[in-house]
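All remarks here apply to the structure that follows.
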Amino acid sequence: MVGIALALRREGMWGLSAYGVLPGLQGSGIGKALLEAAIGYGTGCLRGMICSSHDPRAARRYRAAGFTLHPAMELSGLVDRSVLPLVDGVREGSSADLDLCDSVDRQVRGAGHTPDHEFLMEFSELLVCDQLTGSGYCHVVDGSPALLSATSRRVASRLLWEALARSAPAASVSFGDVTAEQEWAVDVALAAGLSVYNEGYLCLRHMRPPTPYLPSAHFM
Ligand SMILES: CC(C)(COP(=O)(O)OP(=O)(O)OC[C@H]1O[C@@H](n2cnc3c(N)ncnc32)[C@H](O)[C@@H]1OP(=O)(O)O)[C@@H](O)C(=O)NCCC(=O)NCCS
């Protein structure tokens, strides 16, 4: 094996979950052949999403495949416990909330994540907010949001604060693939004491960046 590409299809959306070629063989055309095959798996899917690394070879391949490259930020660091707000309306979720999660995703990004939630729940905590004014959910791994989707920025911010509050006091948190459209998330992260860095691109085809939304690197 010299390389891999792993693609997902979810309700008319195609996503690239993993993509890599052995270091000594990069730049010789293997990635092009792999990506063509992975894109072929998405025949019939109009929209597409990839959370790209900063590798210029990857960016070149994705743009050549018709994706728009949205520069992304990574937010990381220790959460300043002294500024954590009291968050109300957020509770722990369970598999009984998965229809709600899919319905939020269909509104926010045009496609549910159905099988991904069960998988993510094996190693993440699910937080849910479901109120008259808006709904949303967040999968949290060690205080970092692994996937967040909400119908309003207010709900999204509450979920993000609650996720950050669940980090261990001396443990660094980190999340990426944050485009300029997610300023609500940048503002929460900066208020919580995290640092902002440039890192990679959110690559999209036939869609604008969904918002408020923090994608999962592997489940988009
Ligand atoms: C991204 C990756 C999978 C692409 O596979 P690959 O086999 O290197 O890709 P290809 O050789 O088919 O295409 C690379 C393109 O970048 C160009 N390129 C090669 N080296 C480059 C460099 N140092 N800087 C910029 N472009 C470069 C090649 O000319 C080619 O473009 P072209 O087809 O228009 O001539 C591979 O480089 C990789 O594993 N990178 C590290 C892991 C990674 O970042 N994966 C992406 C996760 S989102």
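The values are calculated or read from the model by the stated rules, or taken from the named source; none is laboratory data. Bear in mind that the values here come from a model prediction, so they are computed numbers and not experimental data. Cβ coordinates were reconstructed from backbone atoms using ideal geometry, including for glycine residues, and neighbour counts include every protein chain displayed.
Beta carbons closer than 8 Å, at least 6 apart along the sequence or on distinct chains, never pair a first residue in region 18-33 that is in contact (Cβ under 8 Å) with a residue 12 or more places away in the chain and not assigned by TED's automatic domain parsing to the domain that holds Ala7 with a second that is near the ligand (Cβ under 7 Å from one of its atoms) and hydroxyl-bearing (Ser, Thr, Tyr).
State which residue is farthest from the ligand (Cβ to nearest atom) when the search covers only region 25-62 and only residues that are part of a helix (DSSP H, G or I) and touching a Lys or Arg at 6+ places or on another chain (Cβ under 7 Å).
For region 25-62, the residue satisfying everything is Leu35.
If you check Val140, Val178 for being away from the ligand (no atom under 16 Å from the Cβ) and either assigned by TED's automatic domain parsing to the domain that holds Asp55 or within 14 Å of the chain's Cα centre (by Cα) (or both), only one passes: Val140. Taking Met49 as the residue in question, decide whether it is under 16 Å from the mean Cα position of the chain (by Cα), in contact (Cβ under 8 Å) with a residue 24 or more places away in the chain and surrounded by fewer than 20 Cβ atoms within 10 Å (Cβ to Cβ). Spelling it out, it is not the case that Met49 is under 16 Å from the mean Cα position of the chain (by Cα), in contact (Cβ under 8 Å) with a residue 24 or more places away in the chain and surrounded by fewer than 20 Cβ atoms within 10 Å (Cβ to Cβ). Within the bounds of region 78-96, is there any residue that is surrounded by 13 or more Cβ atoms within 10 Å (Cβ to Cβ) and within 16 Å of the ligand (Cβ to nearest atom)? Looking through region 78-96, none of the residues is surrounded by 13 or more Cβ atoms within 10 Å (Cβ to Cβ) and within 16 Å of the ligand (Cβ to nearest atom).
Of all residues in region 84-96, none that is without any contact (Cβ under 8 Å) to a residue 24 or more places away in the chain has its Cβ atom under 8 Å from the Cβ atom of a residue that is aromatic (Phe, Trp, Tyr), 6 or more apart or on another chain.
Among the residues of region 121-137, those that are touching a residue at least 40 places away in the same chain (Cβ under 8 Å) and buried (at least 21 other Cβ atoms within 10 Å of the Cβ) comprise Cys129, Gly136, Tyr137.
Residues in region 66-73: is at least one over 22 Å from Met220 (Cα atoms), assigned to a loop (DSSP other than H, G, I, E, B), within 13 Å of the ligand (Cβ to nearest atom) and not assigned by TED's automatic domain parsing to the domain that holds Leu132?
Within region 66-73 (the criterion being over 22 Å from Met220 (Cα atoms), assigned to a loop (DSSP other than H, G, I, E, B), within 13 Å of the ligand (Cβ to nearest atom) and not assigned by TED's automatic domain parsing to the domain that holds Leu132), the answer is no, since none of the residues qualifies.
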